[in-house]
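Asks: Take a look at the following structure, please.
The values are calculated or read from the model by the stated rules, or taken from the named source; none is laboratory data. Worth saying up front: this structure is predicted, and the values here are computed from it rather than measured. All Cβ positions, even for glycine, are placed from backbone atoms using ideal geometry, and neighbour counts span all protein chains on display. For the accessible areas, the whole protein counts, side chains as well, though only heavy atoms, and no ligand, DNA or RNA atoms are used. Shrake-Rupley method; radii C 1.70, N 1.55, O 1.52, S 1.80 Å.
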Amino acid sequence: MMSRRGRSFAVCMAVAVTLPLLVACDSSSTGGSSSISAAASGGLGPITVEVNQSRDQYGKQAIQIQLTNTTDSPLTVTGARLQSSLFEGGISWESSEGGLELPPRQPKSLPAALPAATCEASKDASTELTARINYSAPDTGPLEENTSASDPFGVLPRNAGELCIAAEAAAIATMVLDPGLEEAADGRTAVVRLVITPATPGSGMKSLTIESFEETTLLAQSPSAPWPVNVTVGAAQQEVTLTIRPARCDPHAVAEDKVGTLLPLRVAIGERKGLLKIPASNDLRGRIYDFVTAACAG
(Lines give C-alpha, C1' and ligand atoms only; values in the text may rest on other atoms or scores of the structure.)
Protein backbone atom coordinates (compact mmCIF):
# COMPACT_ATOMS: atom_id res chain seq x y z
CA MET A 1 0.00 0.00 0.00
CA MET A 2 1.30 3.49 -0.95
CA SER A 3 1.92 5.77 2.01
CA ARG A 4 0.37 9.26 2.30
CA ARG A 5 3.79 10.82 1.55
CA GLY A 6 4.11 8.62 -1.52
CA ARG A 7 0.64 9.60 -2.80
CA SER A 8 1.47 13.32 -2.33
CA PHE A 9 4.68 12.90 -4.29
CA ALA A 10 2.83 11.11 -7.10
CA VAL A 11 0.18 13.83 -7.32
CA CYS A 12 2.88 16.49 -7.43
CA MET A 13 4.70 14.72 -10.25
CA ALA A 14 1.45 14.35 -12.23
CA VAL A 15 0.70 18.03 -11.95
CA ALA A 16 4.27 18.90 -12.90
CA VAL A 17 3.95 16.85 -16.10
CA THR A 18 0.61 18.41 -16.99
CA LEU A 19 1.62 21.99 -16.12
CA PRO A 20 5.37 22.21 -16.59
CA LEU A 21 5.42 25.96 -15.89
CA LEU A 22 4.34 25.53 -12.29
CA VAL A 23 6.93 25.71 -9.57
CA ALA A 24 7.79 22.52 -7.69
CA CYS A 25 5.36 21.28 -5.03
CA ASP A 26 7.72 21.84 -2.13
CA SER A 27 5.63 22.41 0.96
CA SER A 28 8.68 23.80 2.73
CA SER A 29 8.85 26.90 0.45
CA THR A 30 8.39 30.15 2.38
CA GLY A 31 8.18 32.69 -0.46
CA GLY A 32 10.14 35.77 0.61
CA SER A 33 11.71 38.11 -1.91
CA SER A 34 11.75 35.43 -4.63
CA SER A 35 7.93 35.16 -4.50
CA ILE A 36 7.65 38.95 -4.78
CA SER A 37 9.86 38.96 -7.88
CA ALA A 38 7.83 36.15 -9.44
CA ALA A 39 4.57 37.97 -8.78
CA ALA A 40 5.93 41.23 -10.18
CA SER A 41 6.82 39.59 -13.48
CA GLY A 42 3.27 38.30 -13.94
CA GLY A 43 -0.11 39.98 -14.22
CA LEU A 44 -0.85 40.35 -10.52
CA GLY A 45 2.01 41.95 -8.62
CA PRO A 46 2.38 42.94 -5.00
CA ILE A 47 1.16 46.48 -5.70
CA THR A 48 -2.30 47.33 -7.04
CA VAL A 49 -2.83 50.59 -8.92
CA GLU A 50 -5.92 52.81 -9.06
CA VAL A 51 -6.59 56.31 -10.41
CA ASN A 52 -8.41 58.98 -8.43
CA GLN A 53 -8.60 62.77 -8.22
CA SER A 54 -8.92 65.03 -5.20
CA ARG A 55 -11.03 68.17 -5.06
CA ASP A 56 -7.84 70.23 -4.92
CA GLN A 57 -6.73 68.73 -8.22
CA TYR A 58 -10.05 69.29 -9.99
CA GLY A 59 -9.48 71.71 -12.84
CA LYS A 60 -5.68 71.66 -12.44
CA GLN A 61 -4.90 68.81 -14.86
CA ALA A 62 -3.58 66.62 -12.08
CA ILE A 63 -4.60 63.25 -10.66
CA GLN A 64 -3.66 60.76 -7.97
CA ILE A 65 -1.99 57.42 -8.60
CA GLN A 66 -3.14 55.29 -5.69
CA LEU A 67 -0.87 52.37 -4.82
CA THR A 68 -1.78 49.58 -2.39
CA ASN A 69 0.80 47.18 -0.99
CA THR A 70 -0.87 43.75 -0.92
CA THR A 71 2.02 41.99 0.85
CA ASP A 72 2.80 41.59 4.55
CA SER A 73 6.08 43.51 4.31
CA PRO A 74 6.79 47.18 3.62
CA LEU A 75 7.80 48.10 0.06
CA THR A 76 9.68 51.20 -1.11
CA VAL A 77 8.42 52.83 -4.31
CA THR A 78 10.78 55.00 -6.37
CA GLY A 79 8.64 55.60 -9.46
CA ALA A 80 5.20 55.06 -10.96
CA ARG A 81 4.09 55.58 -14.56
CA LEU A 82 0.66 55.12 -16.13
CA GLN A 83 0.18 54.62 -19.86
CA SER A 84 -3.12 55.42 -21.58
CA SER A 85 -3.97 55.98 -25.24
CA LEU A 86 -6.06 58.96 -24.10
CA PHE A 87 -2.86 60.97 -23.50
CA GLU A 88 0.16 61.73 -25.64
CA GLY A 89 2.67 60.71 -22.98
CA GLY A 90 2.93 58.76 -19.78
CA ILE A 91 1.50 59.98 -16.48
CA SER A 92 4.43 59.85 -14.08
CA TRP A 93 5.38 60.22 -10.44
CA GLU A 94 9.01 60.21 -9.39
CA SER A 95 10.07 60.03 -5.76
CA SER A 96 12.54 62.19 -3.95
CA GLU A 97 15.74 60.61 -2.68
CA GLY A 98 15.08 57.44 -0.73
CA GLY A 99 11.70 56.60 -2.23
CA LEU A 100 8.29 56.32 -0.61
CA GLU A 101 7.46 53.53 1.83
CA LEU A 102 4.23 51.61 1.28
CA PRO A 103 3.13 49.96 4.55
CA PRO A 104 1.59 46.48 4.29
CA ARG A 105 -2.08 46.42 3.20
CA GLN A 106 -2.34 50.21 3.06
CA PRO A 107 -2.91 52.56 0.09
CA LYS A 108 -1.00 55.75 -0.61
CA SER A 109 -1.84 58.41 -3.20
CA LEU A 110 0.84 59.98 -5.38
CA PRO A 111 0.18 63.26 -7.26
CA ALA A 112 0.85 63.31 -10.99
CA ALA A 113 0.37 65.96 -13.67
CA LEU A 114 -1.50 65.05 -16.84
CA PRO A 115 0.19 65.41 -20.23
CA ALA A 116 -1.61 66.69 -23.32
CA ALA A 117 -4.62 64.64 -24.40
CA THR A 118 -4.76 62.82 -27.74
CA CYS A 119 -7.70 64.83 -29.04
CA GLU A 120 -7.47 63.48 -32.57
CA ALA A 121 -8.18 59.99 -31.27
CA SER A 122 -11.58 58.47 -31.86
CA LYS A 123 -14.25 58.78 -29.19
CA ASP A 124 -14.12 54.99 -29.08
CA ALA A 125 -10.41 54.95 -28.24
CA SER A 126 -9.40 52.23 -25.82
CA THR A 127 -9.47 53.15 -22.14
CA GLU A 128 -7.04 50.35 -21.28
CA LEU A 129 -4.68 51.53 -18.57
CA THR A 130 -1.34 49.97 -17.68
CA ALA A 131 1.17 50.81 -14.98
CA ARG A 132 4.87 50.36 -14.37
CA ILE A 133 5.99 50.53 -10.73
CA ASN A 134 9.63 50.68 -9.68
CA TYR A 135 10.15 49.54 -6.10
CA SER A 136 12.21 47.45 -3.73
CA ALA A 137 11.32 44.93 -1.05
CA PRO A 138 13.22 44.15 2.17
CA ASP A 139 16.60 42.58 1.38
CA THR A 140 16.18 42.95 -2.40
CA GLY A 141 17.57 45.18 -5.10
CA PRO A 142 15.41 47.26 -7.46
CA LEU A 143 12.30 45.53 -8.81
CA GLU A 144 9.81 46.46 -11.49
CA GLU A 145 6.12 45.58 -11.71
CA ASN A 146 4.15 45.90 -14.95
CA THR A 147 0.45 45.53 -14.36
CA SER A 148 -2.99 46.82 -15.29
CA ALA A 149 -4.49 49.77 -13.43
CA SER A 150 -8.11 50.64 -12.68
CA ASP A 151 -9.96 53.92 -13.07
CA PRO A 152 -13.26 53.21 -11.27
CA PHE A 153 -14.52 56.81 -11.41
CA GLY A 154 -13.61 57.51 -15.04
CA VAL A 155 -11.09 60.18 -14.06
CA LEU A 156 -8.89 59.87 -17.15
CA PRO A 157 -11.62 59.90 -19.83
CA ARG A 158 -13.26 62.88 -18.13
CA ASN A 159 -10.04 64.84 -17.90
CA ALA A 160 -8.99 63.98 -21.45
CA GLY A 161 -12.36 65.19 -22.73
CA GLU A 162 -12.08 68.45 -20.80
CA LEU A 163 -8.53 69.07 -22.02
CA CYS A 164 -9.63 68.53 -25.61
CA ILE A 165 -12.68 70.79 -25.35
CA ALA A 166 -10.52 73.47 -23.70
CA ALA A 167 -7.95 73.30 -26.50
CA GLU A 168 -10.62 73.58 -29.20
CA ALA A 169 -12.36 76.44 -27.39
CA ALA A 170 -9.06 78.34 -26.98
CA ALA A 171 -8.56 78.21 -30.75
CA ILE A 172 -11.90 80.02 -31.14
CA ALA A 173 -11.93 82.50 -28.26
CA THR A 174 -10.39 83.43 -24.94
CA MET A 175 -12.90 83.38 -22.08
CA VAL A 176 -12.04 84.89 -18.70
CA LEU A 177 -13.96 86.19 -15.72
CA ASP A 178 -13.58 89.92 -15.16
CA PRO A 179 -11.82 90.52 -11.80
CA GLY A 180 -14.50 93.00 -10.73
CA LEU A 181 -17.65 92.07 -8.80
CA GLU A 182 -20.77 94.23 -8.75
CA GLU A 183 -22.80 93.69 -5.59
CA ALA A 184 -26.49 94.53 -5.39
CA ALA A 185 -27.64 97.24 -2.96
CA ASP A 186 -29.11 94.66 -0.59
CA GLY A 187 -25.93 92.56 -0.68
CA ARG A 188 -27.81 89.36 -1.46
CA THR A 189 -26.73 89.03 -5.10
CA ALA A 190 -23.82 90.15 -7.23
CA VAL A 191 -22.83 90.17 -10.89
CA VAL A 192 -19.79 88.57 -12.47
CA ARG A 193 -18.90 89.06 -16.13
CA LEU A 194 -17.55 86.51 -18.58
CA VAL A 195 -15.40 88.38 -21.10
CA ILE A 196 -15.14 86.64 -24.49
CA THR A 197 -12.44 87.69 -26.98
CA PRO A 198 -12.26 85.99 -30.41
CA ALA A 199 -8.93 84.35 -31.19
CA THR A 200 -9.19 85.58 -34.79
CA PRO A 201 -11.63 88.49 -35.21
CA GLY A 202 -13.63 88.49 -38.41
CA SER A 203 -16.19 86.41 -40.23
CA GLY A 204 -15.77 82.88 -41.43
CA MET A 205 -14.16 81.53 -38.30
CA LYS A 206 -15.35 78.51 -36.36
CA SER A 207 -17.83 79.10 -33.55
CA LEU A 208 -18.91 77.37 -30.37
CA THR A 209 -22.06 77.39 -28.30
CA ILE A 210 -22.23 77.77 -24.54
CA GLU A 211 -25.26 75.57 -24.00
CA SER A 212 -25.52 76.40 -20.31
CA PHE A 213 -23.70 77.69 -17.24
CA GLU A 214 -23.61 75.28 -14.30
CA GLU A 215 -23.89 76.20 -10.65
CA THR A 216 -21.02 75.40 -8.29
CA THR A 217 -20.77 74.24 -4.69
CA LEU A 218 -20.49 77.92 -3.69
CA LEU A 219 -22.44 79.90 -6.31
CA ALA A 220 -25.96 79.60 -7.70
CA GLN A 221 -28.05 81.62 -10.13
CA SER A 222 -30.68 84.05 -8.93
CA PRO A 223 -34.28 82.94 -9.60
CA SER A 224 -35.09 86.51 -10.67
CA ALA A 225 -32.16 86.63 -13.13
CA PRO A 226 -31.50 83.14 -14.52
CA TRP A 227 -28.27 82.50 -16.38
CA PRO A 228 -28.44 82.56 -20.19
CA VAL A 229 -28.43 79.46 -22.37
CA ASN A 230 -27.26 78.70 -25.91
CA VAL A 231 -24.85 81.63 -26.18
CA THR A 232 -23.04 81.65 -29.54
CA VAL A 233 -19.35 82.53 -29.40
CA GLY A 234 -17.86 83.57 -32.71
CA ALA A 235 -16.28 86.55 -34.42
CA ALA A 236 -17.40 89.37 -32.11
CA GLN A 237 -16.15 90.29 -28.67
CA GLN A 238 -18.84 90.09 -26.02
CA GLU A 239 -19.58 89.98 -22.30
CA VAL A 240 -22.02 87.69 -20.55
CA THR A 241 -23.35 88.91 -17.21
CA LEU A 242 -24.16 86.34 -14.55
CA THR A 243 -26.11 87.25 -11.42
CA ILE A 244 -24.91 85.07 -8.56
CA ARG A 245 -26.05 84.25 -5.05
CA PRO A 246 -24.61 81.95 -2.37
CA ALA A 247 -25.39 78.31 -3.07
CA ARG A 248 -24.90 77.45 0.61
CA CYS A 249 -24.49 79.30 3.88
CA ASP A 250 -23.19 76.69 6.28
CA PRO A 251 -20.17 77.83 8.33
CA HIS A 252 -17.72 75.80 6.26
CA ALA A 253 -18.87 77.00 2.82
CA VAL A 254 -15.98 79.40 2.27
CA ALA A 255 -13.42 77.88 4.67
CA GLU A 256 -13.49 74.49 2.93
CA ASP A 257 -14.09 75.66 -0.62
CA LYS A 258 -11.96 74.06 -3.33
CA VAL A 259 -13.87 74.43 -6.61
CA GLY A 260 -16.68 76.88 -5.83
CA THR A 261 -15.13 79.69 -7.89
CA LEU A 262 -14.43 77.45 -10.89
CA LEU A 263 -17.29 78.25 -13.29
CA PRO A 264 -18.37 75.25 -15.43
CA LEU A 265 -19.66 75.89 -18.97
CA ARG A 266 -21.42 73.24 -21.01
CA VAL A 267 -20.16 73.89 -24.54
CA ALA A 268 -20.60 72.39 -28.00
CA ILE A 269 -18.00 72.69 -30.75
CA GLY A 270 -19.15 70.88 -33.85
CA GLU A 271 -19.89 67.31 -32.78
CA ARG A 272 -17.82 67.57 -29.62
CA LYS A 273 -19.59 68.47 -26.39
CA GLY A 274 -18.10 68.82 -22.96
CA LEU A 275 -17.41 70.80 -19.85
CA LEU A 276 -15.19 73.88 -19.94
CA LYS A 277 -14.12 75.29 -16.56
CA ILE A 278 -13.33 79.01 -16.22
CA PRO A 279 -11.34 79.83 -13.06
CA ALA A 280 -11.71 83.06 -11.11
CA SER A 281 -8.55 85.11 -10.68
CA ASN A 282 -7.11 85.47 -7.18
CA ASP A 283 -8.63 88.96 -6.87
CA LEU A 284 -12.08 87.80 -7.98
CA ARG A 285 -11.90 84.72 -5.78
CA GLY A 286 -11.29 86.89 -2.73
CA ARG A 287 -14.17 89.21 -3.65
CA ILE A 288 -16.51 86.25 -4.13
CA TYR A 289 -15.57 84.81 -0.73
CA ASP A 290 -16.19 88.19 0.91
CA PHE A 291 -19.52 88.50 -0.88
CA VAL A 292 -20.71 85.02 0.12
CA THR A 293 -19.66 85.60 3.74
CA ALA A 294 -21.50 88.93 3.94
CA ALA A 295 -24.58 87.71 2.06
CA CYS A 296 -24.93 84.71 4.36
CA ALA A 297 -24.51 86.87 7.46
CA GLY A 298 -27.13 89.39 6.35
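Asks: 7 Å from Cα along Cα→Cβ at both residue 249 and residue 116: what's the point-to-point distance in nm?
Replies: A separation of 4.8 nm, rounded to one decimal place.
Asks: For the stretch 143-183, what is the Kirkwood estimate of the hydrodynamic radius, computed as the reciprocal of the mean inverse distance between distinct Cα atoms, to one decimal in Å? Kindly include the intermediate steps, with their values, before the conclusion.
Replies: On the way: mean 1/r = 0.0711 Å⁻¹.
It works out to 14.1 Å.
Asks: Using modelled backbone amide H atoms (1.01 Å from N, in-plane), which distant-in-sequence or interchain residues come within less than 5 Å of residue 110's amide H?
Replies: So residue 110 has HN proximity to 65, 66, 67.
Asks: Could you give the spread of the C-alpha atoms of the stretch 106-239 along their three principal axes, from largest to smallest, in whole angstroms?
Replies: Dimensions of the stretch 106-239 along the principal axes of its Cα atoms: 70, 44, 24 Å.
Asks: Per residue, what volume in Å³ does the Cα convex hull of the stretch 155-234 take up?
Replies: Normalising the Cα hull of the stretch 155-234 by residue number yields 133 Å³.
Asks: Can you give the local net charge around residue 138? Use residues other than it whose beta-carbon is closer than 14 angstrom to its beta-carbon, Lys and Arg +1, Asp and Glu -1.
Replies: Neighbour charge sum, excluding residue 138 itself: -3.
Asks: Compare 153, 213 by solvent-accessible area with a 1.4 Å probe and give them largest first, with all protein chains kept in place.
Replies: Most to least solvent-accessible, the answer reads 153, 213.
Asks: Using protein chains only and a probe of 1.4 angstrom, how many square angstrom of residue 92 are accessible, to the nearest 10?
Replies: 40 Å²
Asks: What ³J(HN,Hα) values, in whole Hz, does the Karplus curve 6.51 cos²θ - 1.76 cosθ + 1.60 give for the stretch 275-281 when θ = phi - 60°, with x put for Gly and Pro?
Replies: Those phi angles translate into 9, 10, 9, 10, x, 7, 5 Hz.
Asks: Where the centre of each part is set by its Cα atoms, how far does the stretch 69-123 sit from the stretch 157-220, in angstrom?
Replies: Their Cα centres are 32 Å away from one another.
Asks: Hey, another quick one. Report, by chain and number, residues whose modeled amide H sits under 5 Å from the one on residue 189, excluding near sequence neighbours (fewer than 5 apart, same chain).
Replies: Those qualifying (amide H under 5 Å, at least 5 residues apart or on another chain) are 184.
Asks: Then there is this: Could you run the Karplus curve 6.51 cos²θ - 1.76 cosθ + 1.60 with θ = phi - 60° over the stretch 76-85 and give me ³J(HN,Hα) per residue in whole Hz, x for Gly and Pro?
Replies: The phi angles translate into 10, 9, 10, x, 9, 9, 9, 10, 9, 5 Hz.
Asks: Quick one: which residues, 5+ away or cross-chain, put their amide H under 5 Å from the amide H of residue 60? H built at 1.01 Å from N.
Replies: none
Asks: Report ³J(HN,Hα) in whole Hz for each residue of the stretch 287-298, in order, from the Karplus equation J = 6.51 cos²θ - 1.76 cosθ + 1.60 where θ = phi - 60°; Gly and Pro get x.
Replies: Residue by residue, the stretch 287-298 yields 5, 5, 4, 4, 4, 4, 4, 5, 5, 6, 7, x Hz.
Asks: Now, a different point. Going from most exposed to least, what order do 231, 77 have by accessible area with a 1.4 Å probe?
Replies: The most accessible residue leads, giving 231, 77.
Asks: Working from the pairwise distances between different alpha carbons, so that the mean of 1/r is found and then inverted, what is the stretch 51-149's Kirkwood radius in Å? Each step should come with its number before you reach the end.
Replies: Working: mean 1/r = 0.0690 Å⁻¹.
After inverting the mean inverse Cα-Cα distance, the result is 14.5 Å.
Asks: Same structure, new question: Please report the relative contact order for the stretch 172-220, taking Cα pairs under 8 Å with a sequence separation of at least 6, and give it as a percent rounded to a whole number. Kindly include the intermediate steps, with their values, before the conclusion.
Replies: Numbers: 44 pairs, mean separation 18.7, N = 49.
Relative contact order for the stretch 172-220 comes out at 38 percent.
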